[in-house]
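Nothing in this text is a laboratory measurement; each read-out follows from the coordinates by a stated rule. Keep in mind that what you see is a predicted model, and the values were worked out from it rather than measured. Note that each Cβ is placed from the backbone with ideal geometry, even for glycine, and that neighbours are counted across all protein chains shown.
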Amino acid sequence: MHTIDTIYIDGAFVAPHGTERLVLVDPATGKETTTVVLADEVDAQRAIAAAKAAFAITSQASRAQRMAWLQRLHEEVQAAESEIVAAMVQEYGGTMAMAVGTARRSAASFALARKLLADYPFERQVGGARVTMVPHGVVGMITPWNANTGFIASKLAMAIAAGSSAVIKPSELSAVQTEVITRALHRAGLPPGVFNIVTGRGDTVGAEITRHPDIAKISFTGSTAVGKAIARGAVDTMKRVTLELGGKSPTILLDDADFAKAVPIAAMAAVMNSGQACINGTRLLVPASRAAEAQELAVQAFRNLKVGPTSDPDVAVGPMVTEKQWERVQGYIRKGIEEGATLLEGGPGRPAGLEQGWFVRPTVFGDVKNDMTIAREEIFGPVLSIITYRDDEDAIAIANDTPYGLHAYVFGGDLARANRVAARIVAGRVFVNGLYDEPEAPFGGFKQSGIGREFGTFGLEEYLEPKATMGYDTTL
Ligand code: NAD
């Protein structure tokens, strides 16, 4: 069994003060793989002190220096691609496509931040005032287990570009992914303390980051419930917060869409990352006049999904991350049946031949009403709810009738009409007629899907604050 018994503080791998041991289990087999010694509050305090000392360096580092750091980080993370992929597949059962995509995005984050930094205007004149965009101070970063390396990379890249230092608390369920990326980041040879990585529990390390006065900002990705707790805690010291939270995203099939093309894409949107992605399109809104056709195609698309261990690159749906998450998904499938939705495909229990591990049956429900639990709550598993609508107005109303607002998908034959519908959906991102990857476009949610945006210029500015100086000598 693999043991992880160090954390990363002030440029060195050190034994944590914390002593709690957590055993990680391969979700595809249920077998124990790794023992992790978890950090505690004292470790968090040490990491914060190291980052605070390093802020004196990062905040004064020239643009060229920060660009050079980002370039080195990019190269080292890029070189670790195969290790990151292997860790994601083994640790949480990430599909091969997801793992490769995440590993590449992780490396690209640093290159993109470097590109942005090359000509970002940190100083501008506003009337008689000189406005300077300044970094907040030490940034606390708290990440979830799904695509953990991607979140660490995108947050750290922007913080460094802005001139901040960081304390990173990855999910305790991501210790192996974290170990791999920490080694890669360490090899980049940045000054000690610029980033510190402490794997521990949310209610210890995460809570310390939330309350500590020397943390100026928190960038959090995770569930809405935890995001709210962090926002409440952060207000006492008036920390800035960026929160990337959950979703219950709608996919609208307009009545002029090519269903044969659109539904398989909608199915992918529903199950990407085995249904464990914040952006999954889990409510499929179909016109009542074409409901039977949409249901049949959705069932077919779900039947075609290969379920199994994700070491097989053809597998589209891997296991749920933990037994607890498996139970949660089972509970929602039972709830859907109890509340009167029609089970069209899948259902409770494990798929045939996959009796070990935390595999669920990709499940499609028809006749779902938007007020049913399975249409309102984030399930975080491969469960699709098909909801019928009368006309475009009704579709828009149902799409927006949710506490979330992270993402949406619209499919239609008439692009101008599809765009008009997209414009009225309250969501941070809308994909029209496909799945896209635009790493420089802002990412984040409206309503209870979060606060703030990541990526590109909007993402960088989440790590900066404007400061106006008047009486400034503009001849200098
Ligand atoms: P989670 O909220 O349970 O945990 C996220 C992180 O918060 C972990 O590191 C955890 O240890 C920490 N944490 C837990 N309690 C804490 C506390 N009291 N104080 C501080 N930190 C605490 O989420 P998860 O199960 O790891 O991830 C799945 C969730 O993340 C889903 O809801 C998903 O939608 C969301 N997510 C959102 C995005 C996005 O960009 N919007 C991306 C991926 C995942």
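Amide H contacts for THR33 (H built 1.01 Å from N in the peptide plane; partners 5 or more residues away or on another chain; cut-off under 5 Å): LEU24, VAL25, ASP26. Taken over region 236-364, lysine pairs spaced eight or more positions apart, or on distinct chains, with alpha carbons under 22 Å apart number 4. Once you have a ≥ b ≥ c as the square roots of the Cα gyration tensor eigenvalues for region 58-103, tell me rounded if a/c is under 1.5, and otherwise prolate or oblate according to whether a/b is larger than b/c. Verdict is prolate for region 58-103.
Taken about its Cα centre, the chain carries a charge dipole of roughly 860 debye when the Cβ of each Lys and Arg holds +1 and the Cβ of each Asp and Glu holds -1.
The H on the amide N of MET141, modeled in the peptide plane, is under 5 Å from the matching H of VAL167, ILE168, LYS169, SER219, each at least 5 residues off or on a different chain. Each Lys and Arg adds +1 at its Cβ and each Asp and Glu adds -1 at its Cβ; summed about the Cα centre, region 36-97 shows a dipole of about 480 debye.
Projecting the Cα atoms of GLY281, SER311, GLY347 onto the dipole axis of region 250-432, where Lys and Arg carry +1 and Asp and Glu carry -1 at the beta carbon, places SER311 farthest toward the positive end. From the alpha carbon centroid of region 403-432 to that of region 180-255 is 28 Å. Normalised Debye scattering of region 250-432 at q = 0.08 Å⁻¹ gives log10 I(q)/I(0) of -0.22, counting only Cα atoms as equal scatterers and leaving out solvent.
Sum -39500 (n - 2.57) across every DSSP H segment of at least 4 residues in the chain, then divide by the residue count to get the 222 nm mean residue ellipticity, nearest 500.
After summing the helix terms and dividing by the residues of the chain, the value is -12000 deg cm²/dmol.
Each residue of region 53-63 was assigned a 3J(HN,Hα) from its phi angle through the Karplus curve 6.51 cos²θ - 1.76 cosθ + 1.60 (θ = phi - 60°); the sequence is 5, 6, 4, 4, 7, 5, 5, 9, 5, 5, 4 Hz, with glycine and proline shown as x.
The 3J(HN,Hα) values that the Karplus relation (6.51, -1.76, 1.60; θ = phi - 60°) gives for region 152-164 are, in residue order, 4, 5, 5, 6, 5, 4, 5, 5, 5, 4, 6, x, 9 Hz. Gly and Pro appear as x.
I'd like to know which of ALA97, PHE431, SER62 lies farthest towards the positive end of the charge dipole of the chain, counting +1 on Cβ of Lys and Arg and -1 on Cβ of Asp and Glu. Comparing the listed Cα positions along the dipole, SER62 ranks first. Let me know the shape class of the chain, please: from the alpha-carbon gyration tensor, a ≥ b ≥ c as square roots of the eigenvalues, rounded when a/c is under 1.5, otherwise prolate if a/b is greater than b/c, or oblate. Oblate. Taken about its Cα centre, region 250-432 carries a charge dipole of about 340 debye when Lys and Arg each add +1 at the Cβ and Asp and Glu each add -1 at the Cβ.
Taking amide hydrogens as placed 1.01 Å from N in the peptide plane, the amide H of VAL241 sits under 5 Å from those of ILE218, each at least 5 positions away in sequence or on another chain.
Annotation for region 378-476: trypsin sites (Lys or Arg not before Pro) lying in DSSP loop with at most 12 further Cβ atoms inside 10 Å of their Cβ are ARG390.
Each peptide in 24-36, 250-262 gets a packing score, the mean of other Cβ atoms within 10 Å over its residues, and the list from highest to lowest is 250-262, 24-36.
Computed from backbone phi, the HN-Hα couplings of region 451-462 come to 9, x, 9, 10, 6, x, 4, 4, x, 4, 5, 5 Hz, rounded to whole numbers (Karplus: 6.51 cos²θ - 1.76 cosθ + 1.60, θ = phi - 60°; Gly and Pro given as x).
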